[in-house]
Amino acid sequence: MRFIAAITFLFALTAQAQDYPNKPIRMLVPFAPGGAVDTTARVLAQAMEQRVKWNFVVENRPGGNGFIATTAVKGATPDGYTLLMAHTGEFAVNPALFDNVPYELERDFVAITMVSDAPMLYLATAKAPFNTFQELVAQAKAKPGSISFGSAGNGSINHLAGEWLAQAAGIQLLHVPYKGGAPAAAAVAAGDVSFGVMAAPGAMPHIKSGRGKVIGITTAKKSPLDPSWATPRDAGIPDLDASIWVGLFAPKGTPQAIVDRISAEVRQTLTMPEVQKKFVDSAGGEAIWMSPTDFLARIKADAERYKRVVQKAGVKPG
């Protein structure tokens, strides 16, 4: 009888996966429309709707350091119809910053796949007396604390990428937090800070206007937007590799057959040349699929790196 019950259960799961989805899939985003995570969610949703005719509803629930949307998905029915599109901050940075995070990655979620990965830019004001990593480091060593950098706020991924640069290069920088990426980028353009750390879309208007110049990027891998931009490794700073990845998650307990189905369809969608181009054009990143195992390993490795940066710099959330 137990054998028959087990076979019946397996058939039911298979049928459930084959029938999935038979209604719209909600994709929750922890940020307001227009940012990297929201853009990634909408590019993927539109491409999936066109390719496999799945119906998505992208739902923005900003606020609370990402806690609002993340806990909503944590408590959702694990049937594949409520998913979370989150980024580095929710799972690799928040655990290092906050004493009481109301969720745990492995306890509460299934990491389905990475969707996109993008470097940030170290963008200097046009009048800054340095043009390269090497010149920035030399000036910072000559006058410790004289170079200021702006970020989207205390504890943001941008802030940590600036602190990581300081630690890896052995220099002192003065952090100036702003209330969001746009004000930080504007401060760089105005010359209120020496440089800032920001996503490519926020930097591009100031690069085009000539009010900002790219010192380099935050990742070891070259940028698909402009391969001429220097990586830290180009400048002899190997221990620095900070990116904004965006990935798809489901509540713990979601049937494996459904997780596998979603992962497989996302993988096929991300291979489409037009989808890859959209990720480069919209966020300066790459469309990247990862197996759940590899994605989980990446998140855990990033979490350890950011934990070290936070502890060494004494970063507190804003």
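Considering segment 227-252, the residues that are in contact with a strand residue (DSSP E or B) (Cβ under 8 Å, 6 or more places away or on another chain) and over 22 Å from residue 87 (Cβ atoms) include one that is surrounded by the fewest Cβ atoms within 10 Å (Cβ to Cβ), namely 234. When segment 172-213 is limited to residues that are within 15 Å of residue 127 (Cβ to Cβ) and in a strand (DSSP E or B), the one that is most open to solvent (accessible area, probe 1.4 Å) turns out to be 213. Contact map, segment 46-67: first residue closer than 16 Å to residue 279 by Cβ and part of a helix (DSSP H, G or I), second residue open to solvent by less than 60 Å² (accessible area, probe 1.4 Å) and of a type in the set (Val, Ile, Thr), Cβ cut-off under 7 Å, separation 6 or more or different chains; pairs are 47/269; 47/275; 48/269; 51/269.
Of all residues in segment 214-226, those being under 19 Å from residue 116 (Cα atoms) and either open to solvent by less than 10 Å² (accessible area, probe 1.4 Å) or of a type in the set (Val, Ile, Thr) (or both) number 4. For segment 232-249, the condition of being of a type in the set (S, T, N, Q), out of contact with any His (no Cβ under 6 Å at 6 or more places or on another chain) and in a loop (DSSP other than H, G, I, E, B) holds for none of the residues.
Residues in segment 261-272 include at least one that is crowded, with 17+ Cβ neighbours inside 10 Å and farther than 29 Å from residue 34 by Cβ.
Candidates 200, 190: the one that is of a type in the set (A, V, I, L, M, F, W, C) and modelled with pLDDT of 95 or more is 190.
Per-residue answers, yes or no, for (1) closer than 25 Å to residue 125 by Cβ; (2) in contact with a Gly (Cβ under 6 Å, 6 or more places away or on another chain):
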site: 219; (1), (2): yes, no
site: 230; (1), (2): yes, yes
site: 238; (1), (2): no, no
site: 255; (1), (2): no, no
site: 285; (1), (2): yes, no
site: 297; (1), (2): no, no
site: 301; (1), (2): no, no
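Residues in segment 214-230 that are touching a residue at least 40 places away in the same chain (Cβ under 8 Å) and part of a loop (DSSP other than H, G, I, E, B): 218, 219, 221, 223, 224, 225, 229, 230.
When segment 275-318 is filtered for residues that are open to solvent by 70 Å² or more (accessible area, probe 1.4 Å), more than 29 Å from residue 96 (Cα to Cα) and in contact (Cβ under 8 Å) with a residue 40 or more places away in the chain, only 278 remains. Could we say that residue 29 is open to solvent by less than 10 Å² (accessible area, probe 1.4 Å) and touching a Phe, Trp or Tyr at 6+ places or on another chain (Cβ under 8 Å) here? Answer is no for this residue. Only strands (runs of 3 or more DSSP E) whose full extent lies in segment 68-168 are considered here, and the ones with at least 1 residues that are open to solvent by 10 Å² or more (accessible area, probe 1.4 Å), of a type in the set (Asp, Glu) and touching a residue at least 12 places away in the same chain (Cβ under 8 Å) are 109-125.
The values are calculated or read from the model by the stated rules, or taken from the named source; none is laboratory data. In this text the structure is predicted, and so the values were computed from the model without any measurement. Cβ coordinates were reconstructed from backbone atoms using ideal geometry, including for glycine residues, and neighbour counts include every protein chain displayed. Protein only, heavy atoms only, side chains kept; ligands, DNA and RNA dropped before computing areas. Shrake-Rupley method; radii C 1.70, N 1.55, O 1.52, S 1.80 Å.
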